[in-house]
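Heads up, the thing below is written out as structure tokens.
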Amino acid sequence: MTATFQLQRLSSEEKIWRTGQLVGRTPLHEITRVFQKPGVRILAKLEWQQIGGSVKSRPAFNIIKQAIRLGSLGKGQELLDATSGNTGIAYASIGAALGIPVTLCLPENASSERKSILEALGVNIVYTSRFDGTDGAQLKAKELFREYPDRFFYADQYANKHNWQAHIETTAPEIWQQTCGKVTHFVAGLGTTGTFTGTGRGLKNFNNSIELVALQPDNPMHGLEGWKHLETAIVPKIYDPALADRLFEIDSWESYDMIRRIAREEGLLVSPSAAANLIGAIRVAEEIEHGVIVTTFADNADKYSEVMKQIFN
Ligand SMILES: Cc1ncc(COP(=O)(O)O)c(C=O)c1O
């Protein structure tokens, strides 16, 4: 009897359980060389260490799992969404594992690595104009869903509560346990805002005095893939403006310099948004005398070869 034969006989819940084993449970890495200050610790969740290679596996898995359970993603239906990449790769990996076809609207200037990965995972890609960014991709997905409501389950990560709830259920308890309840600050950049919103709410449930610091790029033409400049972008429906205790703005070039430092001093090759999160965490660390600051490294440098060439050549 082959493994393939056995897997085909798994029930939907068994397949969900099996795939769920590959989601979350990421290590919490202490930053020890880029920043040092007695009494203050900075820790980063290495979120690329799960299926799909990024933090977005958590919401993608929860969105698919809940849709199957609620009956909104039935047999023969395709998952549809708009994504600049990481959520798409997560949908594609999890969709492949669960036997669900995936259609994604993607700005044509998404990195070539991301396009190749999505194609390799069997995604049907609908390209949208580079000038309209992720907002244009979102509008296209909505249009497709209006046209073919029976064909698609529209995951809509920007408005789907199962996005941020994934973080309340997994990221926040992991951080709480990994810091033995000592976390004092959580710092994260805003994309769909799911990571910040869900982890923030989850941590506040554990201890209401934990401070939540949100980050955004300092201008609309930024290089922090995955993040949104809220003043000029479509604000995600799941965003809760009352949640953040503070909101800092981060410069993309400063983040690129930080990528180099994290590589040379910590031995980790990370993405621009991960480096930007560390800049935010350091800003908090410089202001306090005691504390445990936690942030997320959403993904590593694998999908950013153009940016890495600029930084390292
Ligand atoms: C690289 C990267 N960093 C950060 C984020 C932001 O995460 P969230 O959408 O949970 O706000 C994303 C989202 O796609 C991302 O791809």
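Report the antiparallel proportion of the DSSP beta bridges in the chain as a percent, rounded to a multiple of 5. Please report the intermediate quantities before stating the final value.
On the way: 5 of 37 bridges.
Here the antiparallel bridges make up roughly 15 percent for the chain.
Could you tally the net charge around Ile16, taking each other residue with its Cβ under 11 Å from the Cβ of Ile16, Lys/Arg +1 and Asp/Glu -1? Intermediate values should be presented prior to the final figure.
Values: positive: Lys15, Arg18, Lys65, Arg69; negative: Glu13, Glu14.
It works out to a net charge of +2.
Would you check the range 57-154 for Lys pairs whose C-alpha atoms are within less than 23 Å, ignoring same-chain pairs closer than 8 in sequence, and give me the count? Provide the component values of the computation, followed by the final result.
Values: Lys65/Lys75; Lys65/Lys142; Lys75/Lys142; Lys115/Lys140; Lys115/Lys142.
Taking the range 57-154 as the scope, the lysine pair count is 5.
At a 1.4 Å probe radius, carbon and sulfur cover how many percent of the accessible area of the chain? Walk me through the intermediate numbers first.
Values: 7040 of 13670 Å².
That fraction is 52 percent.
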Margin query: For Lys37, give me every one of the lysines with a C-alpha distance below 30 angstrom, ignoring sequence neighbours fewer than eight places off in its own chain.
Written below: Lys45, Lys182, Lys204
Margin query: Please list the three semi-axes, largest first and in whole Å, of the ellipsoid equivalent to the chain, using sqrt of 5 times the eigenvalues of its alpha carbon gyration tensor.
Written below: 31, 22, 19
Check: What accessible area, in Å² to the nearest ten, does a 1.4 Å probe give for Val102?
Finding: 10
Next item on the list: Choose one of Ser255, Pro241, Gln177: the residue whose Cα lies farthest towards the positive end of the charge dipole of the range 173-310 (beta-carbon charges +1 Lys, Arg; -1 Asp, Glu; about the Cα centre).
Entry: Gln177
Notebook entry, point to check: Which peptide among 184-197, 34-47 comes first, and what is the full order, when sorted by highest mean count of other Cβ atoms within 10 Å?
Noted result: 184-197, 34-47
Note to self: Going by average Cβ density within 10 Å per residue, which order do the peptides 91-98, 201-208, 103-110 take, highest to lowest?
What the structure shows: 91-98, 103-110, 201-208
Checklist line | At q = 0.11, 0.15, 0.20, 0.22 Å⁻¹, base-10 log of I(q)/I(0) for the range 57-154 (Debye sum, equal scatterers on each alpha carbon) | finding: -0.28, -0.53, -0.95, -1.13
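Take every Cα pair under 8 Å in the range 57-154 that's 6+ residues apart, average their separations, divide by the length, and report that relative contact order as a whole percent. Present the calculation step by step, with values, prior to reporting the outcome.
On the way: 151 pairs, mean separation 31.3, N = 98.
Normalised by residue count, the contact order of the range 57-154 is 32 percent.
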Notebook entry, point to check: Among the helices of the chain (complete DSSP H runs), which have Cα atoms covering no less than 20 Å along the helix axis and a Kyte-Doolittle mean of at least -1.0?
Noted result: 133-147, 272-287
Item checked: Leading residue at positive end of dipole, the chain (Cβ point charges), from Gly291, Gln21, Gly202 -> Gln21
Notebook entry, point to check: How large is the charge dipole for the chain, taken about the Cα centre, if only the Cβ atoms of Lys, Arg (+1) and Asp, Glu (-1) carry charge, to the nearest 20 debye?
Noted result: 860
Note to self: Could you compute the net charge surrounding Val270? Neighbours are other residues with a C-beta less than 11 Å from the C-beta of Val270; K and R count +1, D and E count -1.
What the structure shows: -2
Note to self: Highest mean first, how do 143-156, 271-284 rank when packing is the count of other Cβ atoms within 10 Å averaged over residues?
What the structure shows: 271-284, 143-156
Margin query: Explain nothing, just the number: relative contact order of the chain, from Cα pairs under 8 Å at least 6 residues apart, as a whole percent.
Written below: 21
Item checked: Order of exposure, largest accessible area first, which applies to Glu231, Glu225, Glu78, Glu13 with probe 1.4 Å -> Glu231, Glu13, Glu225, Glu78
Next item on the list: Could you do me a favour and compute the accessible area per residue for the range 24-63, 1.4 Å probe, result in Å²?
Entry: 36
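The values are calculated or read from the model by the stated rules, or taken from the named source; none is laboratory data. Bear in mind that the values here come from a model prediction, so they are computed numbers and not experimental data. Note: ideal-geometry Cβ built from the backbone for every residue, glycine included; neighbour counts use all protein chains shown. Areas reflect the complete protein model, heavy atoms only, side chains present, ligands, DNA and RNA absent. Shrake-Rupley method; radii C 1.70, N 1.55, O 1.52, S 1.80 Å.
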